[in-house]
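Novice: Below are the structure tokens for one structure; questions will follow.
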Amino acid sequence: MTCEIPRSKHELYNTWRSMIRRCHNPNADNYPRYGGRGIHVCPEWRESFDKFLADVPPRPARGYTLERIDNDGPYAPGNVRWATPAEQARNTRANHYLTARGQTRLLEDWVEITGIPKSTLFNRIKAGWTDEQVVNTPVRPKAPDNSILPADTRRLALEHGLAPETVASRIRRGWDLNRALTQPAARRHP
């Protein structure tokens, strides 16, 4: 397929030029994320807009952009497709995969499956939890005031002569509420 209209007027011409610039021009703003880390455009496409047009399927609709299937691979036949911005966001180096329940999925997928907030899953990963623990540990419900203490525990802690912070600390360490309230506080010696 050859380009029947002037290159500069073709809807994919700027896509082609931008792809080459970010991969092969060290002065391009986004070069460090592409050419700077070894991403390149195959020689056939780099040298010929017509060859690029012949190998790339038509853009399905406005809003679709060209992405590499293998995010570490080149812009080349067999390694590109048209994708929406949402689809492209799922194909980045920043994505985190977790393997649990016999499945390897993106962190965002586990958020949808488990209902656990992304920030909770991410914090568990940072804390060194295994993938199975990250995905399978239920979230402790929080009190209406967003504290770790269940509703009315502050009052109960004070009635038992304990600081609410002591009870909260015990609950964070896995104690049940009854034990956290009834265990006497350790006395500190001067």
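The values are calculated or read from the model by the stated rules, or taken from the named source; none is laboratory data. Because the structure is a prediction, the values reported are computed rather than measured. Here Cβ is always computed from backbone atoms with ideal geometry, including for glycine, and neighbour counts include all displayed protein chains. SASA here: full protein model, heavy atoms, side chains in, ligands and nucleic acids out. Shrake-Rupley method; radii C 1.70, N 1.55, O 1.52, S 1.80 Å.
Novice: Does region 153-165 hold any residues that are open to solvent by 20 Å² or more (accessible area, probe 1.4 Å) and either closer than 22 Å to residue 138 by Cα or within 35 Å of the chain's Cα centre (by Cα) (or both), and which are they?
Specialist: 165
Novice: In region 100-126, which residues are hydrophobic (A, V, I, L, M, F, W, C) and within 22 Å of residue 87 (Cβ to Cβ)?
Specialist: 106, 107, 110, 111, 113, 121, 122
Novice: Oh, and also: If you take the residues of region 116-143 that are surrounded by 13 or more Cβ atoms within 10 Å (Cβ to Cβ) and outside any helix (DSSP H, G or I), which of them is modelled with the highest pLDDT?
Specialist: 130
Novice: Give all pairs with beta carbons closer than 9 Å in which a residue from region 34-50 that is more than 15 Å from residue 69 (Cβ to Cβ) meets a residue that is assigned to a loop (DSSP other than H, G, I, E, B) and among the acidic types (Asp, Glu); count only pairs at least 6 apart in sequence or on separate chains.
Specialist: 37/72; 38/72
Novice: While we're here: Of the conditions (1) part of a helix (DSSP H, G or I); (2) modelled with pLDDT of 85 or more; (3) among the charged types (D, E, K, R); (4) open to solvent by 80 Å² or more (accessible area, probe 1.4 Å), residue 105 fails just one. Which one is it?
Specialist: Result: residue 105 passes all but (1).
Novice: On to the next question. Answer yes or no as to whether residue 64 is free of Cβ contacts under 8 Å to residues at least 12 places away in the same chain, among the aromatic types (Phe, Trp, Tyr) and within 20 Å of residue 14 (Cβ to Cβ).
Specialist: When the stated conditions are applied, residue 64 does not pass them.
Novice: Please pick out the residue among 7, 17, 21 that is farther than 30 Å from residue 109 by Cβ and either surrounded by 16 or more Cβ atoms within 10 Å (Cβ to Cβ) or touching a residue at least 60 places away in the same chain (Cβ under 8 Å) (or both).
Specialist: Testing whether each residue is farther than 30 Å from residue 109 by Cβ and either surrounded by 16 or more Cβ atoms within 10 Å (Cβ to Cβ) or touching a residue at least 60 places away in the same chain (Cβ under 8 Å) (or both) leaves just 21.
Novice: Under 30 Å from residue 124 (Cα atoms), part of a strand (DSSP E or B), open to solvent by less than 60 Å² (accessible area, probe 1.4 Å) and in contact with a Lys or Arg (Cβ under 8 Å, 6 or more places away or on another chain), is that true of residue 98?
Specialist: Considered against the rule, which asks whether it is under 30 Å from residue 124 (Cα atoms), part of a strand (DSSP E or B), open to solvent by less than 60 Å² (accessible area, probe 1.4 Å) and in contact with a Lys or Arg (Cβ under 8 Å, 6 or more places away or on another chain), residue 98 comes out as yes.
Novice: I'm told residue 80 meets every condition in (1) surrounded by 13 or more Cβ atoms within 10 Å (Cβ to Cβ); (2) touching a residue at least 24 places away in the same chain (Cβ under 8 Å); (3) within 30 Å of residue 135 (Cβ to Cβ) except one. Can you identify the failing condition by its number?
Specialist: It fails just one condition, (3).
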